[in-house]
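The values are calculated or read from the model by the stated rules, or taken from the named source; none is laboratory data. On a predicted model such as this, the values are computed, not experimentally measured, just so you know. Quick note on the areas: whole protein, heavy atoms, side chains included, nothing else; ligands and nucleic acids left out. Shrake-Rupley method; radii C 1.70, N 1.55, O 1.52, S 1.80 Å.
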Amino acid sequence: MAVLFLGSSLQPLRALDPDPEVTGKVFAELIDVLSASESSALNFGRFFIDGQSGGTIIIEASSSMVRTSTGSSLHLASGGDPGPAIYEVLGFPNYSVTITLPGESTLTHGTNPAHRMTVDSWEVYPSHTVRLDVSGKMTFYLGAVLRVQNLSQNPVGVYTGTYAVTFAYN
């Protein structure tokens, strides 16, 4: 007598579980906090006014110092260490970072805060969104425009102020 099997091998029947349970996996990765430090302050340098009007001083956001002025009465002078602000940002390697620039900022006269200049038209180099390098670092250059009025509104002296720049992961 011969037995003929067609198809696949026989397997035992399994009981069906009406409430099956599966254990899933979940992952999370805590990355380095993003930090930034100012290694060089934004400095418009020395200048003078020899007329009845003011003008602007422009510091370009660049790794080389580029300073220009507008206005027939405003003249750049040597000294004062002009240059862009330089920021060092540290974070998780190869991650993208966005930079939010400040709005208008006010500089006040050192001995009479009623006298003010404004800073605006901020720009950043290399760009508003960049990727940190393989070691998690990036250097940014920040430039802006200083708006100067005439001598009666902006008398001779040192003017100082602050501003906020925000760095965030994308």
Whole-Hz Karplus couplings 3J(HN,Hα) for the range 59-71, θ = phi - 60° and coefficients 6.51, -1.76, 1.60, Gly and Pro as x, run 10, 7, 7, 7, 6, 10, 7, 10, 10, 10, 9, 10, x
Connecting every pair of Cα atoms under 10 Å apart in the chain and solving the GNM, the largest mean-square fluctuation among THR98, THR111, THR129 falls on THR111
In the chain the accessible area split gives carbon plus sulfur, as whole percent at 1.4 Å, a share of 55
Correct semi-axes for the range 38-77, from √(5λ) of the alpha-carbon gyration tensor and rounded to whole Å with the largest first, are 23, 10, 7
In Å³ per residue, the alpha-carbon convex hull of the chain encloses 227
In Å, the C-alpha Rg and Dmax of the range 86-136 are 16.2, 48
If amide H atoms are modeled at 1.01 Å from N in the peptide plane, then the residues at a separation of 5 or more from PHE47, or on another chain, having amide H under 5 Å from its own are ALA77
For LEU151, the accessible surface traced by a 1.4 Å probe with all protein chains present amounts, in square angstrom to the nearest 10, to 70
Out of VAL33, VAL22, VAL148, a Gaussian network model of the chain with alpha-carbon springs under 10 Å gives the largest mean-square fluctuation to VAL22
Expected vector for the range 112-118, Karplus 3J(HN,Hα) from phi with 6.51, -1.76, 1.60 and θ = phi - 60°, integer Hz, x for Gly and Pro, equals 9, x, 5, 8, 9, 10, 10
In whole Hz, the Karplus estimates of ³J(HN,Hα) for the range 120-131 (6.51, -1.76, 1.60; θ = phi - 60°; x where Gly or Pro) are 8, 6, 5, 9, 10, 10, x, 6, 6, 10, 9, 10
Once GLU21, GLU104, GLU88 are ranked on solvent-accessible area with the largest value leading and a 1.4 Å probe, the list reads GLU21, GLU104, GLU88
Among VAL145, VAL158, VAL26, the residue with the largest mean-square fluctuation in a Gaussian network model of the chain built from Cα contacts under 10 Å is VAL26
Residue-normalised value, i.e. accessible area per residue, for the chain at 1.4 Å probe, in Å², stands at 67
